1. With everything on Cα atoms, drop me the angle between helix 74-85 and the longest principal axis of the chain, reported from 0 to 90° to the nearest 10.
2. How big is the gap, in Å, between the Cα center of the range 1-61 and the Cα center of the range 167-220?
3. How large are Rg and Dmax for the range 1-124 when calculated on the C-alpha trace, in angstrom?
4. What nm distance separates the two modelled labels at residue 275 and residue 146, each placed 7 Å from Cα along Cα→Cβ?
5. Using the Cα atoms of the range 129-241 to build a convex hull, what is its mean projected area in square nanometres?
6. Express as a percent, rounded to the nearest 5, the fraction of DSSP beta bridges in the range 125-223 (both residues included) that run antiparallel.
7. Top mean-square fluctuation among 327, 190, 27, Gaussian network model of the chain, C-alpha springs under 10 Å?
8. Label point 7 Å out from residue 188 along Cα-to-Cβ: which residues of the range 198-242 have amide N under 19 Å?
């Protein structure tokens, strides 16, 4: 693997870094202030930043499709996603935020021309937001074959019934469509062919948003994580993605890039925490001397730097294998980085909070939000235990062969 970035990527890194310094970091506080005015509406400053990013040509960086975005490989996107991950608001600025990125990739790969025109086009333009509805409160959704939501054919329509929760993005007033995963053939002997995915506009009768779910006390406005009851929700059969029984296939195709994108962003979040703890330790005095002179403080900084670099290199290797051999061939190393990066970010951010003292828990620093994000990703797109179970199974099989 070549660890040197191309001239194209270095140029994008430079442009993106300047944009972050000039426009994103200075407006994080403005964003939070405006959000207090209307919790579920995208703040006006975000719309201004998105317009500037689009004008600067820093738009849709996530997709390898040159037709729909920057045409970057996973390896090329990695350092850019790391930069975006440094700020909790940056990904949306450049139209690279989940779950929209995953939904756009699904539509690019599996959508019909009609579906692309109606939903992909406005998503790529950043005019609307979207959600992905899979997780359910009554079953262990880490095993996707457990989901119980029904998708039943009725003439030219499908009728959907079920309950979902932690549907990220669905609280936002600009969220106009969900991709919903449910069962069209619950009696199929092959449990991986029971599921299908279907497009459901938020305005469809029977889509009942019950409440926003909280994560460690945060409501994560303006996107939020909705609990939704689907009660006889009727949509045209043409809204089905790819075909009946293809839902698990679509989910697996979506989750590989989604998982590594989270890891890329978390490395950026951890890197910023490392820089913050270094600055804090150098500027604060405790027991008559600068905090940085305390051995435990130096050890925390040193260990954090080592752990971040290890995760960064593993992420780059995973991205490289995805590009050269495909997502399926990279499944083990994707599992490795999905296990490693969120735990690393939790550990590094926790050290940064400790060095900041009480202030590290406050709204004056973004560390508590960063920790919440890192801890959430230990469950999102598959909990640690599932990745370790599957990775251990695969490795034992391969080494025993």
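Quick note: the coordinates plus some simple rules give every number you see, no bench work behind them. None of these values were measured; they are calculated from a predicted model. Positions of Cβ are generated from backbone atoms using ideal geometry, with glycine treated the same way; all protein chains shown enter the neighbour counts.
1. Tilt relative to the chain: about 70 degrees.
2. Each part's Cα centre sits 28 Å from the other's.
3. My reading of the Cα-based Rg and Dmax gives 15.2, 49 Å.
4. Modelled inter-label distance: 4.0 nm.
5. One quarter of the hull surface, i.e. the mean projection, equals 6.9 nm².
6. The answer is about 70 percent antiparallel.
7. 190
8. 198-200, 237-242
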